[in-house]
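The values are calculated or read from the model by the stated rules, or taken from the named source; none is laboratory data. Quick caveat: nothing in here was measured; it's all calculated off a predicted structure. Note that each Cβ is placed from the backbone with ideal geometry, even for glycine, and that neighbours are counted across all protein chains shown. The protein model used for the area step is the full one, side chains on, heavy atoms only, and it has no ligands, DNA or RNA in it. Shrake-Rupley method; radii C 1.70, N 1.55, O 1.52, S 1.80 Å.
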Amino acid sequence: MILWLTVLVIGAATFGLRLTFLARGTPGTLPPLAQETLRFVPVAVLSAIIFPALLQPTGALDFSTGNPRLFAGIVAALVAWRTRNALVTVGSGMAALWILQAMLR
């Protein structure tokens, strides 16, 4: 019963949040503060996904030289900084990870 109640409350909250943006009467425009705040959402979400995978591959912080994900992430960050190309960044990061994993085994 508690599970269903939780699902219903979360569903109602999600519906309510979406309804507030639709019911305001001016579709497509947000207040300037909301626009400024929403600019940082992609960076925050990607950081929350990427950094635990790089820094905690086994569940605990691992800054050792035996962590190939950390070094591959550094390579990908440098490539992203130089090229500003997402496809090249992902490709170079994956290549670096595969090479480092092969070297460390």
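Answer with yes or no whether Leu30 is farther than 30 Å from Ile99 by Cβ and part of a loop (DSSP other than H, G, I, E, B).
Numbers: farther than 30 Å from Ile99 by Cβ: yes; part of a loop (DSSP other than H, G, I, E, B): yes.
Here the answer is yes, as Leu30 does meet what is asked.
Out of everything in segment 63-82 that is free of Cβ contacts under 8 Å to residues at least 24 places away in the same chain and open to solvent by 70 Å² or more (accessible area, probe 1.4 Å), what residue ends up being farthest from Leu46 (Cα to Cα)?
If we take residues in segment 63-82 being free of Cβ contacts under 8 Å to residues at least 24 places away in the same chain and open to solvent by 70 Å² or more (accessible area, probe 1.4 Å), then Thr65 is farthest from Leu46 (Cα to Cα).
Considering Ala86, Ala72, which residue is under 17 Å from the mean Cα position of the chain (by Cα), modelled with pLDDT of 95 or more and under 17 Å from Ile49 (Cα atoms)? Lay out the reasoning, then the answer.
Values: Ala86 fails: modelled with pLDDT of 95 or more.
None of the others qualify; the one that does is Ala72.
Which residue out of Gly66, Gly59 is at pLDDT below 90 and over 19 Å from the mean Cα position of the chain (by Cα)?
Values: Gly59 fails: over 19 Å from the mean Cα position of the chain (by Cα).
Only one candidate qualifies: Gly66.
Out of Leu46, Leu8, Leu3, report the one residue that is over 30 Å from Ala95 (Cα atoms) and surrounded by 10 or more Cβ atoms within 10 Å (Cβ to Cβ).
Values: Leu46 fails: over 30 Å from Ala95 (Cα atoms); Leu3 fails: surrounded by 10 or more Cβ atoms within 10 Å (Cβ to Cβ).
One residue alone meets the criteria, Leu8.
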